[in-house]
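All remarks here apply to the structure that follows.
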Amino acid sequence: MVDNGIIAPGGTIGILGGGQLGRMLASAAAEMGLHAHIYCPEKDAPAAEVAAQFTCAEYDDEAALTRFAESVDAVTYEFENVPAETARILSEHGIVRPGPVALATAQDRIVEKHFMQAHGILTAPFADVSDEASLMDAVSSIGTPSVLKTRRFGYDGKGQAKIMSPEEARAAYDEIGRAPAILEGFVKFEREISVIVARGLDGETAAYDPVENIHKNHILDRTLAPAALPKAIADEACAIAARIANELDYVGVMGVEMFLLPKQGSKRRLLVNEIAPRVHNSGHWTMDACAVSQFEQHMRAVCGWPLGSPRRHSDAVMTNLIGDEVNAWEHLSREPDTAIHLYGKAEARPGRKMGHVTRLYPLGKRPPVTPS
């Protein structure tokens with residue numbers, strides 16, 4: 001099913017990870033005439049319910065990984081913390097997209113920041129923290145308030161601790177388990193935005209409109225599409241995202257999170273917060289407000305197909321359903337112009353993403369939205 005790296009309909013895409021992103025990728029693959037094969041260690045994986053095949057095995061099971069890689073035409077993933085050894089085994093037996101450079105860059109916050117720095121892309125001030133002495137040096141140079149983050153892993157506020165004064169530094173270090181870390185200076189920003197960008201096998205890029213993200217308890221609460229930005233800023237954000245994808249020789253969809261800083265004189269600046277080498281929560285609105293969703297776009301790229309148009313046909317507000325908020329499904333299903341996506345997870349735990357809803361509006365007619 002593979003000819004010059006292009007995977008035709010009827011081919012099989014292996015997906016590492018069985019969560020909601022894997023589920024939506026598998027559904028998109030099926031609509032394109034492709035088969036999805038999920039690999040993850042969780043027996044009750046939501047993605048397995050909608051996939052053609054499912055391998056339940058650990059990420060360090062070399063025999064299972066080898067069989068998996070040999071059963072598919074290409075492998076992709078729904079999370080960036082794929083163990084390096086897992087990626088190595090898979091790449092020895094077949095195609096892995098996105099490739100190892102993007103994965104290694106996004107897995108380590110220090111590596112990611114140095115990558116941005118090397119390519120002239122602005123970030124918050126940062127310093128490497130490897131022990132208590134380097135922590136105190138970092139606090140002295142960057143100042144407080146600041147945030148201490150583990151270099152690897154961590155999401156939705158996990159693996160990080162605020163430092164509001166130098167006296168809190170050691171306690172913050174203990175809170176993250178004294179793991180290798182990065183200290184980042186606080187940034188006063190006007191709003192947080194993100195760009196979902198795709199890059200094809202041929203180097204073509206396509207970016208969806210930048211969106212504004214509103215967080216609650218360190219978890220994405222709502223995404224507003226599009227972000228209320230001057231055209232020049234929106235174009236710059238898309239250009240930054242495309243540049244990152246090109247510099248990484250990326251294949252697939254990537255989420256690029258940015259901060260829009262307040263005006264200094266007549267100018268505004270964009271800082272890149274972090275990248276996610278995968279489909280992204282802030283791109284879920286594309287499932288209902290665009291002809292080609294981020295999930296289909298990712299599959300197109302991984303398979304070597306032409307990228308689809310990222311054009312938006314509606315404005316949208318995407319709201320995550322966290323924990324028992326999913327119990328409002330019946331009420332939400334009565335709302336006009338609202339699409340409900342539930343992830344099939346058995347237990348609605350606090351902080352767990354159970355689904356999302358997208359409310360659609362005619363272009364330019366989305367009502368004002370304020371943080372809750």
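Per residue, how big is the convex hull around the C-alpha atoms of the range 316-372? Give it to me in cubic angstrom, could you?
85
Only residues of the range 46-73 count here: report those whose backbone N is under 16 Å from the spot 7 Å along Cα→Cβ of ARG152, or say none.
Counting only backbone N, you get 59-61.
Would you mind computing Rg(Cα) / (2.2 N^0.38 Å) for the range 125-185, counting N as its residues?
0.94
Spin-label point model (7 Å from Cα, Cβ direction): what's the ASN327 to LYS263 distance in nm?
Here the modelled spin labels are 4.7 nm apart.
Pairs of Cα atoms under 8 Å, at least six residues apart: use those to get the relative contact order of the chain, whole percent.
14 percent.
Kyte-Doolittle mean at least -1.0 and Cα extent at least 18 Å along the axis: which DSSP H helices of the chain qualify?
231-247
Can you tell me the FRET efficiency between ASP44 and ASP174 if r is taken as the Cβ-Cβ distance and R0 is 41 Å, rounded to the nearest 0.05?
0.75
Rule-of-thumb check for the range 68-193: C-alpha Rg over 2.2 N^0.38 Å?
1.24
Could you grab the Rg to Rh ratio for the range 1-70? Cα atoms only, Kirkwood for Rh.
Expressed as Rg/Rh, it is 0.98.
Tell me what the chain gives for mean residue ellipticity at 222 nm when only DSSP H runs of n ≥ 4 count, each as -39,500 (n - 2.57), the sum divided by the residue total, rounded to 500 deg cm²/dmol.
Roughly -8000 deg cm²/dmol at 222 nm, from the helical runs in the chain.
Given 0.36 nm per residue, what is the gain on full extension from VAL101 to LYS188 after removing their alpha carbon distance, in nm?
Gain on stretching VAL101 to LYS188: 28.2 nm.
Which of the following values of percent of Cα pairs over 37 Å apart was calculated from the structure shown: (i) 19; (ii) 33; (iii) 40?
Only one listed value fits the structure, namely (i).
Ranked highest first by average number of other Cβ atoms within 10 Å, how do 65-73, 323-331, 272-280 line up?
272-280, 65-73, 323-331
Using a 10 Å cut-off on Cβ atoms, rank the peptides 26-36, 128-138 from the highest mean neighbour count down.
So the peptides 26-36, 128-138, ranked by packing, come out 26-36, 128-138.
Bear in mind these aren't lab numbers, they're just calculated from the coordinates by the rules spelled out. Since the model is a prediction, treat every value here as computed from it, not as a measurement. Note: ideal-geometry Cβ built from the backbone for every residue, glycine included; neighbour counts use all protein chains shown.
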